[in-house]
Amino acid sequence: MFEEGLAELHTHLGGSVAADILWSLAHEQGIALPTRDYWEFERLVTVSDPRGVPDLDSLDQIYHLTELIQSSPLAVERSVHAAIGGAYRSQRITTLELRFNPMKRNRGGERDLDHIILAAIRGLDLASLEYSQVRAGLILMMDRTFTADQNMVIIEKAIKYMPRGVVGVDIAGPRPHGARYDYTQIREHVELAREAGLGVTIHVGEEGGEHGVQEIGEVVESLRPDRVGHGILAARDPGLMEAIRQADITLEICPTSNLLTKALSSEDDVRKTFRTFVEHGVPFTIATDGPEMMRTHLRDEFELLVRIGALDESELRLANERGHDASFVARRAHAAA
Ligand SMILES: [Zn+2]
């Protein structure tokens with residue numbers, strides 16, 4: 001459908017590495033796996049049931065296993081390298097941002113955080129030598145289950161490694177006790193990152209009904225991010241869509257992921273969400289959330305959206321261009337020029 005290179009801005013390292021590579025990495029490191037059969041393992045590291053997972057917490061269980069396997073400098077380096085190369089070879093993705101939480105890959109402090117991050121940077125450097133057509137960058141993630149101090153360490157590391165390829169920060173993870181997350185507690189974190197020149201994207205408005213809508217409002221007002229991960233619940237609130245448009249915040253929408261986690265209930269729901277955003281002039285780009293784990297690829301997402309009438313080809317093209325433009329990697333290139 002597209003001759004030009006694609007942009008993918010929302011993909012987690014834990015969901016971006018092919019199962020066979022994770023399988024080999026686990027064995028190289030002598031990790032005790034819950035199964036000795038590769039196909040059973042493949043089911044454990046992906047959303048293998050076409051009906052999806054019951055909720056976001058179930059998805060978190062899958063992430064636990066891939067994060068465990070990626071919890072060493074060797075595994076992080078190889079994972080980043082494989083994810084970037086794979087994205088270019090299979091999808092011709094030329095703008096790619098990979099996000100991960102280094103503290104979920106250091107075995108509770110047993111591994112040194114700087115070694116983990118530097119390993120990711122080595123993977124990035126190697127991939128850029130092999131695939132010079134690709135502009136890639138790393139986003140370091142905070143977590144909603146972490147304390148403010150733990151999250152501040154992530155911000156400090158992101159700033160420290162900015163000259164080496166870290167382009168932004170994010171937050172995700174389960175909400176403690178399933179309650180509404182108070183995003184104002186990371187206001188200082190986000191402010192420091194922004195002042196240093198890092199891009200800011202925030203996971204919010206994926207699920208949670210009315211609470212989710214309120215959370216988006218809080219994020220837009222108090223954190224003023226450049227982009228929002230998901231944000232689909234904003235489609236329910238015209239005032240909120242106007243605020244997002246005014247602030248020029250780009251939503252990173254992951255249709256298949258939203259269907260698999262039941263954040264959107266049907267393809268019809270996907271179509272309505274996109275049509276609402278188009279009508280209200282809300283900027284968005286398309287992503288997979290993690291192509292290997294979600295068993296989809298960016299071009300599959302594009303085809304899905306056209307097939308169900310969510311977007312036509314020219315709207316899709318605009319969303320892809322938006323992805324290249326809204327990338328924190330692009331901003332970094334400008335700053336360097
Ligand atoms: Zn995500």
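Every number here is computed from the coordinates shown, using simple stated rules; none is lab data. The model shown is predicted, which means the values in this text are computed figures rather than measured ones. Ideal geometry is used to build each Cβ from the backbone, glycine not excepted, and the neighbour counts take in all protein chains shown.
Listed values, structure above:
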| read-out | value |
| --- | --- |
| Anisotropy class of the chain from Cα gyration tensor, a/c 1.5 cut | rounded |
| Residues THR273, THR147 arranged by fewest to most Cβ contacts within 10 Å | THR147, THR273 |
| Virtual spin-label span in nm between SER132 and GLU279, 7 Å along Cα→Cβ | 4.9 nm |
| Listed peptides 285-297, 116-128, 209-221 by packing density, highest first (mean Cβ within 10 Å) | 285-297, 116-128, 209-221 |
| Residue-averaged [θ]222 nm for the chain, counting only DSSP H segments that reach four residues, each worth -39500 (n - 2.57) | -15500 deg cm²/dmol |
| Rg followed by Dmax, in Å, when the stretch 189-275 is reduced to its Cα trace | 13.0, 42 |
| Cβ charges +1 (Lys, Arg) and -1 (Asp, Glu), total dipole of the stretch 98-204, debye | 280 debye |
| Nonlocal Lys pairs with alpha-carbon distance under 27 Å, the stretch 6-336 (8 or more apart, or different chains) | 4 |
| Extended-chain gain in nm, criterion 0.36 nm per residue less alpha-carbon gap, ALA196 and LEU74 | 41.0 nm |
| Exposure proxy order (Cβ contacts within 10 Å, fewest to most) of MET162, MET142 | MET162, MET142 |
| Potential extension, TYR38-ARG224 segment - 0.36 nm per residue separation minus Cα distance | 62.6 nm |
| Spatial separation of Cα centroids for the stretch 232-311 and the stretch 87-152, in angstrom | 24 Å |
| Least to most buried among HIS12, HIS64 (fewest other Cβ within 10 Å first) | HIS64, HIS12 |
| Whole-Å semi-axes of the stretch 62-189's equivalent ellipsoid (Cα gyration tensor) | 26, 15, 15 |
| The stretch 87-235: relative contact order in percent, alpha carbon pairs under 8 Å with at least 6 residues between | 19 percent |
| Mean separation of Cα contacts under 8 Å, 6 or more apart, over the residue count of the chain: relative contact order % | 20 percent |
| Computed over the stretch 38-79, Kirkwood Rh from alpha-carbon pairs, angstrom | 11.3 Å |
